[in-house]
Amino acid sequence: MARSDVTRIVRLLRVHTGLTQEAIANMAGLSQGMVSQMESGKRSLRNQTKKRHALEGLGAPKATEPLSIEPLLDEAGMNTDDRNRLGYALKHPSRVDRASVTAFTQVLAAQRHLEDVVGPSTVLPGLASQTDTVIRLLREARGPHRNAFAAVAAEWVQFTGWLHAALRRDRTAVALFCQAEEMADDAGEPTLAANAVSFRGYVARQQGRHHAVIRAAQAALHTPGIHPAQRTFDTLQAAQGHAALGDADTARRLLDKAVGLVGTAAAAGDPPPFTYWYRPAFFQMNIGFVHLELGDHATAADLLATGLDGLPADQRHADWTTEYRDALRAARAGIPATEARGKDKG
């Protein structure tokens, strides 16, 4: 589902944040009348320059009220039966069935994609309260579909941790990643558990703790049964950590291995839904990131630029791409990666 269109984002913001048409118009540099017509489907924004400016203005608005599960059901494409099953599961958690597990999965997927468009600060308030609800339901869940629901609950906790990490609430993020790891192990989901460990490496990278980056990446890599896409990313994350420590030989060895794994990951089909961004363009950016750490500025610039351009339209301006854009600027300017990372904000 394409989410780069301004009309689509206007509708998302109106449904999910409670922002008024006037507030959205001010953010996007449009008239309130234009926003009203876009929301009703009578007009769309076709001028590319105005569209780009509007998208930039709508990139990371602050929510005026928390998100709730109910308005996300439309975005998840749920029909009346799906809604009824979700409502029943909320009232009778011990009787969770396959359909209600699917419903919760769809709601979470909608929020993940929404975060790509509007940023973590908008999505987090409602998601945090939803996470508490999901964990409560898991405690009471019984029956043959309990493990499937446990996996969804672990994803919910992992995603909440990611939102905190994106906002540099590092301690809360790490605690949630540890919780998600344990929940994923209980649900028999090794890739999800490894992903939660890997995210701790992301936090360490933001803090400039390169030994911790390597430790987290290697722990994720030593998890049996993980998806090739997860293995690819953590090999790159370990390479980046070694490069940042000045161990160029190990970094290049891991980089060569990761480049070979990209094809393996692609051949394995779609990555797990909780790592939907683990695709060739994303890996290309991270290969460029390692080259920047190694001082290969020209190669890094080419890879970072091509990777950013290759992202899906709804991810291209997501908040999480900022570190890659900073790295691209550093590569083009020929400055060290340490200057691109800047000071620790944690």
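What the phi angles of the stretch 123-130 give under the Karplus curve with 6.51, -1.76 and 1.60, with θ = phi - 60°, is a coupling list of 7, 4, x, x, 5, 4, 5, 5 Hz, glycine and proline written as x.
Length available on full extension from Gln207 to Asp326: 0.36 nm per residue minus the Cα-Cα distance, which gives 41.3 nm. Assuming a ≥ b ≥ c are the square roots of the Cα gyration tensor eigenvalues, decide whether the stretch 118-159 counts as rounded (a/c under 1.5), prolate (otherwise, with a/b larger than b/c) or oblate. Prolate is the answer for the stretch 118-159, as a/c is 1.5 or above and a/b outweighs b/c. For the stretch 276-284, 3J(HN,Hα) computed residue by residue from phi via the Karplus equation (6.51, -1.76, 1.60; θ = phi - 60°) reads 4, 7, 6, 10, x, 5, 5, 5, 4 Hz, glycine and proline entered as x. Remark: relative contact order (the stretch 105-258) = 15 percent; criterion is Cα-Cα distance under 8 angstrom and separation of 6 or more residues.
Just to confirm my numbers, what's the Cα centroid distance between the stretch 160-186 and the stretch 200-230 in Å? One Cα centre to the other: 14 Å.
In this structure the stretch 118-211 gives 37 Å² per residue of accessible area when probed at 1.4 Å with all protein chains present.
Taking each residue as 0.36 nm, the span from Lys50 to Asp256 lengthens on full extension beyond its C-alpha to C-alpha distance by 69.9 nm. Take every pair of alpha-carbon atoms less than 8 Å apart whose residues are at least six positions apart; their mean separation over the length of the stretch 185-320 yields a relative contact order of 18 percent. Database remark: amide H of Arg43 closer than 5 angstrom to the amide H of Met38 (H placed geometrically; neighbours at sequence offset of 5 or more, or on other chains; Pro and chain starts carry no H). Out of every Cα-Cα pair that the stretch 233-346 contains, those further apart than 23 angstrom amount to 25 percent.
Taking the accessible area of the stretch 160-297, probe 1.4 Å, and keeping the other protein chains in place, the carbon and sulfur fraction comes to 51%.
Using θ = phi - 60° in the Karplus curve 6.51 cos²θ - 1.76 cosθ + 1.60, the 3J(HN,Hα) couplings for the stretch 105-117 round to 4, 5, 4, 5, 4, 4, 6, 4, 6, 4, 4, 4, 8 Hz; x is entered for Gly and Pro. Using a cutoff of 8 angstrom between alpha carbon atoms and counting only pairs six or more residues apart, the relative contact order for the stretch 116-178 works out to 34 percent.
The values are calculated or read from the model by the stated rules, or taken from the named source; none is laboratory data. Bear in mind that the values here come from a model prediction, so they are computed numbers and not experimental data. For accessibility, only protein heavy atoms count, side chains too; no ligands or nucleic acids. Shrake-Rupley method; radii C 1.70, N 1.55, O 1.52, S 1.80 Å.
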